[in-house]
Amino acid sequence: MTIGEALKAKRKRLGLSQSQMTGNLITKSHYSKIERGLFDIRTNDLLTILNLHNIDVVEFFKKISVTNQEENTKAYLAQLHAAYYTRNIEKIEQISNKLKNKQPKTLELKNLEAQASLLKVYFTNSIDTLSDKSKENIKRIIFSNDEWQVEDLRLFAIAISLFDISELNSVVKSIISRHFNLNLEEKEFRLVLSAILVNFLSYSVKVQNSDIQLIKKVFQVLDNLNGEPDNCFAKLMTLYYREYFAENSKNMEEIIKVIRNSGMDKILKK
């Protein structure tokens with residue numbers, strides 16, 4: 001069973017039309033082609049649809065028979081993201097072990113394996129256990145493509161703390177020069193790029209980054225994000241770090257309260 005077939009079967013079981021299934025996330029025409037296997041579905045869109053109808057992500061992917069390497073990669077990616085946002089360390093461990101045994105080692109699989117290994121050490125507070133060789137290997141994977149793909153950016157967002165701050169500043173400057181207006185980016189790129197910049201602010205706080213001009217530019221890029229719901233968390237975290245640099249602890253607590261009351265406690269723990 002493919003992802004499209006699994007979506008169709010679940011939709012029929014729920015008694016929903018194609019329009020109801022997508023919740024206006026994508027057009028009915030596009031979704032129809034996904035069910036028929038003519039179009040692929042982006043991971044974020046798939047997870048949104050599953051969450052919209054309270055469909056168990058793990059159970060959903062258990063029913064999918066992976067028919068080729070590309071679909072296999074997408075399935076693992078979706079499972080990894082689901083485990084990340086629910087802080088399911090055991091599931092991340094399982095995915096990591098499966099990826100290690102997969103052959104051939106395509107660049108996509110190496111990228112996913114690196115994401116899984118990083119998430120595992122972050123959630124177990126064992127980042128220091130990564131060897132220098134492993135860290136360098138992850139960096140090589142990130143910069144393997146001449147033009148960054150969304151998964152390269154996603155891996156970089158997770159791997160930020162592996163970089164020396166001078167290296168990181170250089171990469172972030174390059175990102176800003178290419179993507180100063182995130183509103184012009186496709187949704188998936190926009191979300192990952194904004195996550196990179198928020199993580200950069202977090203890391204800048206941790207290591208006391210002295211490049212204040214770069215930090216100001218990062219705030220400028222994030223401030224210019226429009227008010228789409230998908231940008232909500234990035235906007236909130238931008239406000240939080242702005243208050244941090246202004247040393248306004250009261251406002252920081254208010255922002256944290258809003259995030260916590262919105263049911264995002266698990267993200268705060270990250």
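The values are calculated or read from the model by the stated rules, or taken from the named source; none is laboratory data. Here the structure is a predicted model, which means the values were calculated and not measured. Positions of Cβ are generated from backbone atoms using ideal geometry, with glycine treated the same way; all protein chains shown enter the neighbour counts. Accessible surface areas use protein heavy atoms only, side chains included; no ligands, DNA or RNA. Shrake-Rupley method; radii C 1.70, N 1.55, O 1.52, S 1.80 Å.
Of all positions in the stretch 13-30, none carries a residue that is surrounded by 15 or more Cβ atoms within 10 Å (Cβ to Cβ), basic (Lys, Arg) and not in a loop (DSSP other than H, G, I, E, B). Considered as a group, the residues in the stretch 194-214 that are touching a helix residue (DSSP H, G or I) at 6+ places or on another chain (Cβ under 6 Å) and β-branched (Val, Ile, Thr) include one that is nearest to ARG178 (Cα to Cα), and that residue is ILE196.
Report, by residue number, each residue of the stretch 101-115 that is of a type in the set (A, V, I, L, M, F, W, C), under 26 Å from HIS179 (Cβ atoms) and open to solvent by less than 30 Å² (accessible area, probe 1.4 Å). Give the derivation first.
Restricting attention to the stretch 101-115, the residues satisfying the condition of being of a type in the set (A, V, I, L, M, F, W, C) are 107, 109, 112, 114.
Subset that is under 26 Å from HIS179 (Cβ atoms): 107, 112, 114.
Answer for the stretch 101-115, where residues must be of a type in the set (A, V, I, L, M, F, W, C), under 26 Å from HIS179 (Cβ atoms) and open to solvent by less than 30 Å² (accessible area, probe 1.4 Å): LEU112, ALA114.
I'd like to know if the stretch 214-222 contains one or more residues that are open to solvent by 80 Å² or more (accessible area, probe 1.4 Å), modelled with pLDDT of 95 or more and of a type in the set (S, T, N, Q). Show your work before the answer.
Restricting attention to the stretch 214-222, the residues satisfying the condition of being open to solvent by 80 Å² or more (accessible area, probe 1.4 Å) are 216-217, 220.
Then keep just the ones that are modelled with pLDDT of 95 or more; that gives 216-217, 220.
Narrowing the set further to residues that are of a type in the set (S, T, N, Q) leaves 220.
Yes - at least one qualifying residue is present in the stretch 214-222.
Scan the stretch 137-194 residue by residue and report those that are open to solvent by less than 20 Å² (accessible area, probe 1.4 Å) and aromatic (Phe, Trp, Tyr). Once the filter is applied, which keeps residues that are open to solvent by less than 20 Å² (accessible area, probe 1.4 Å) and aromatic (Phe, Trp, Tyr), the stretch 137-194 yields PHE156, PHE163. Among what's in the stretch 102-133 and is farther than 21 Å from ILE89 by Cβ and acidic (Asp, Glu), pick the residue that is modelled with the highest pLDDT. The qualifying residue modelled with the highest pLDDT is ASP132. Every test in (1) in contact with an Asp or Glu (Cβ under 6 Å, 6 or more places away or on another chain); (2) open to solvent by 50 Å² or more (accessible area, probe 1.4 Å); (3) closer than 27 Å to VAL121 by Cα is passed by VAL207 save one, and that test is (1).
If I go through the stretch 122-133 residue by residue, how many of them are in a helix (DSSP H, G or I) and exposed (fewer than 15 other Cβ atoms within 10 Å of the Cβ)? Result for the stretch 122-133: 5.
Is one or more of the residues making up the stretch 105-122 under 29 Å from GLN213 (Cβ atoms) and more than 15 Å from the chain's Cα centre (by Cα)? Checked against the condition, which is being under 29 Å from GLN213 (Cβ atoms) and more than 15 Å from the chain's Cα centre (by Cα), the stretch 105-122 yields no hits at all. So which of GLY4, GLY37 ends up being touching a Gly at 6+ places or on another chain (Cβ under 7 Å), in a loop (DSSP other than H, G, I, E, B) and modelled with pLDDT under 90? Answer to the check: GLY37.
Among GLN79, GLN103, which is the only one that is of a type outside the set (Phe, Trp, Tyr) and either part of a helix (DSSP H, G or I) or in contact with a helix residue (DSSP H, G or I) (Cβ under 7 Å, 6 or more places away or on another chain) (or both)?
GLN79
Among what's in the stretch 40-63 and is assigned to a loop (DSSP other than H, G, I, E, B) and in contact (Cβ under 8 Å) with a residue 60 or more places away in the chain, pick the residue that is nearest to the chain's Cα centre (by Cα). Within the stretch 40-63, the match that is nearest to the chain's Cα centre (by Cα) is ARG42.
Taking the listed residues LYS173, LYS120, the one that is without any contact (Cβ under 8 Å) to a residue 40 or more places away in the chain, out of contact with any Gly (no Cβ under 9 Å at 6 or more places or on another chain) and farther than 18 Å from THR43 by Cβ is LYS120, with no other qualifying.
Of everything in the stretch 223-243, what is more than 23 Å from GLY263 (Cβ to Cβ) and surrounded by 14 or more Cβ atoms within 10 Å (Cβ to Cβ)? Give them in sequence order. Once the filter is applied, which keeps residues that are more than 23 Å from GLY263 (Cβ to Cβ) and surrounded by 14 or more Cβ atoms within 10 Å (Cβ to Cβ), the stretch 223-243 yields only ARG242. Being under 21 Å from the mean Cα position of the chain (by Cα) and among the charged types (D, E, K, R) is a description that applies to GLU185. Is it fair to say SER262 is under 20 Å from the mean Cα position of the chain (by Cα), under 27 Å from ALA82 (Cβ atoms) and surrounded by 14 or more Cβ atoms within 10 Å (Cβ to Cβ)? Against the criterion (under 20 Å from the mean Cα position of the chain (by Cα), under 27 Å from ALA82 (Cβ atoms) and surrounded by 14 or more Cβ atoms within 10 Å (Cβ to Cβ)), SER262 does not qualify.
Tallying residues that are of a type in the set (S, T, N, Q) and either within 16 Å of ILE175 (Cα to Cα) or in contact (Cβ under 8 Å) with a residue 24 or more places away in the chain (or both) within the stretch 199-256 yields 10.
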